[in-house]
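Data first, discussion second: the structure below is written as structure tokens.
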Amino acid sequence: MMMAKQGASTVMPRLRFPEFREEGSWEEHTLKQLATEFLDGDWIESKDQSESGFRLIQTGNIGVGVFIEKSGKTRYISAETFVRLRCTEVFPGDCLVSRLPDPAGRSCLLPDIGARMITAVDCTIVRFDEKKIIPSLFIAHSQTENYFREVAALSSGSTRQRISRENLSSLPVFLPNIDEQQKIADCLTSLDEVIAAQGRIVAALKAHKRGLMQQLFPREGETRPRLRFPEFRNAPEWAQKALSCICEMQAGKFVSASAIAEKQGEGMYPCYGGNGIRGYTRTFTHSGIYSLIGRQGALCGNVQLARGDFHATEHALVASPRPGVDVDWLFYTLDLLNLNRFATGQAQPGLSVDVLNKVECAVPASEKEQRRIADCLSSLDTQITAESNQLAALKTHKQGLMQQLFPSREVVAA
């Protein structure tokens, strides 16, 4: 809904750059008023698609403030189809807003992907009047809690909330003058560059770990790793063994959803399901260090390492190492095996203990070599966690900064 124009209707940010503190309140506009063009994408059916031509940008490519490139899921239409359907071409720099969840209203600026593009009907194309608004400022604004509250208020649908193009066009946007907009955009761009640099550090560490694991463990069907620590270079080759020989796998225990709390309180323990921590319970099933394997769903086969007292539900398989097997080495081995490939069932993929018990892997005879490998990878994980926490802190800082730089609506009596 638009703010009433009676009395003194003002919005002021909690944080303002010194040179703009004496400026007036931010002015209200509708999203459509800020655009030179405001239109939906095109209705493209499967039969209209082709192997090449115009790239079809879909709602799944639109992240919260970022464009998401999904490899293997690209769609195209031919130049002939583009003409026949009278499609609207989109260009680098255009703003796309997804009217579908999740969440509805998320937006991004289109990058140059090296191809001509169109977009799907549930994406709204917004071409901003840059005399009124700096496009990157809207993208930043569209990542704030206030923005998503406004979108939710204008959305409809009992199961999947979506916003119509008409309602999206009336979405209120509050703006200062163009100079202050530029100052805010420059500040957030600088912070984005720091976040991107930190993201590259995390990605590089993860890539280094993946490459190292490929060398520290033998290839499938082989018994000698390509990289071995000096003290083990003359040690015997690794032995091929079934998983049943190196660990015992058993499903956890059922716990009702009502007994799982979102936040941890006194006397409560982490509760692991098939995809990691589900919440916290007052009971625990295990105490110690164990590998947990997700056994149901599209992500079955994912491996978590649980430490301390915890409750494992029936959707997780708890792997206990047999004598002579290091618990941390077992975790990295299970993770490397990509157990999801052994899942059966289509509607609800799942892993059975019988199938997993027969999966083979190479095992070093010396538990000391297992420990040496685990210590090396664990050290890398510690570094990855620290850098990931730094990345998360930067993102949290940005979100808090945006909440202060962009005002929420306040109606002030005249």
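Only residues that are buried (at least 20 other Cβ atoms within 10 Å of the Cβ) and not small (Gly, Ala, Ser) were counted in the range 118-133, giving 8.
Among the residues of the range 327-338, are any buried (at least 20 other Cβ atoms within 10 Å of the Cβ), farther than 12 Å from residue 299 by Cα, in contact with a strand residue (DSSP E or B) (Cβ under 8 Å, 6 or more places away or on another chain) and of a type in the set (Ser, Thr, Tyr)? Yes: the range 327-338 contains one or more residues that are buried (at least 20 other Cβ atoms within 10 Å of the Cβ), farther than 12 Å from residue 299 by Cα, in contact with a strand residue (DSSP E or B) (Cβ under 8 Å, 6 or more places away or on another chain) and of a type in the set (Ser, Thr, Tyr). Hey, does the range 362-377 have a residue that's among the hydrophobic types (A, V, I, L, M, F, W, C), more than 23 Å from residue 286 (Cβ to Cβ), touching a helix residue (DSSP H, G or I) at 6+ places or on another chain (Cβ under 9 Å) and surrounded by fewer than 19 Cβ atoms within 10 Å (Cβ to Cβ)? The answer is yes, given that some residue of the range 362-377 is among the hydrophobic types (A, V, I, L, M, F, W, C), more than 23 Å from residue 286 (Cβ to Cβ), touching a helix residue (DSSP H, G or I) at 6+ places or on another chain (Cβ under 9 Å) and surrounded by fewer than 19 Cβ atoms within 10 Å (Cβ to Cβ). Being among the polar types (S, T, N, Q), in contact with a Gly (Cβ under 8 Å, 6 or more places away or on another chain) and more than 30 Å from residue 233 (Cα to Cα) is a property that holds for residue 285.
Each residue in the range 199-219 was checked for being out of contact with any Asp or Glu (no Cβ under 7 Å at 6 or more places or on another chain) and crowded, with 17+ Cβ neighbours inside 10 Å, and 5 pass. Just one of the listed residues (63, 53) is under 27 Å from the mean Cα position of the chain (by Cα), small (Gly, Ala, Ser) and either surrounded by 12 or more Cβ atoms within 10 Å (Cβ to Cβ) or more than 24 Å from residue 149 (Cβ to Cβ) (or both), and it is 63. Scoring residue 255 on the criteria (1) in contact with a Cys (Cβ under 8 Å, 6 or more places away or on another chain); (2) farther than 25 Å from residue 365 by Cα; (3) in a strand (DSSP E or B) leaves a single failure, condition (3).
Suppose we keep only residues that are in a loop (DSSP other than H, G, I, E, B) and hydroxyl-bearing (Ser, Thr, Tyr) within the range 73-108. Which one would you say is nearest to residue 136 (Cα to Cα)? Even if it seems obvious, please write down each step before you answer.
Step one: of the range 73-108, the residues in a loop (DSSP other than H, G, I, E, B) are 73-74, 78, 85-89, 91-94, 99-106.
Those still in the list that are hydroxyl-bearing (Ser, Thr, Tyr) too: 74, 78, 88.
Working: 74: 26, 78: 31, 88: 22 Å.
It comes out as 88.
Cβ separations smaller than 9 Å between residues 6+ apart or across chains give the following pairs from the range 292-321 residues that are closer than 16 Å to residue 336 by Cβ to residues that are basic (Lys, Arg): 301/295; 301/341.
State which residue is nearest to residue 114 (Cα to Cα) when the search covers only the range 24-72 and only residues that are part of a strand (DSSP E or B) and acidic (Asp, Glu). So that I can check it myself, show each step before the final result.
Kept after step one, since they are part of a strand (DSSP E or B), are these residues of the range 24-72: 27-30, 35-40, 42, 50, 54-57, 62, 67.
From what is left, the residues that are acidic (Asp, Glu) are 27-28, 37, 40, 42.
On the way: 27: 38, 28: 37, 37: 23, 40: 22, 42: 20 Å.
It comes out as 42.
A short reminder: the numbers here are calculations on the coordinates, not readings from a lab. Keep in mind that this is a model prediction, so the values were computed, not measured. Note that each Cβ is placed from the backbone with ideal geometry, even for glycine, and that neighbours are counted across all protein chains shown.
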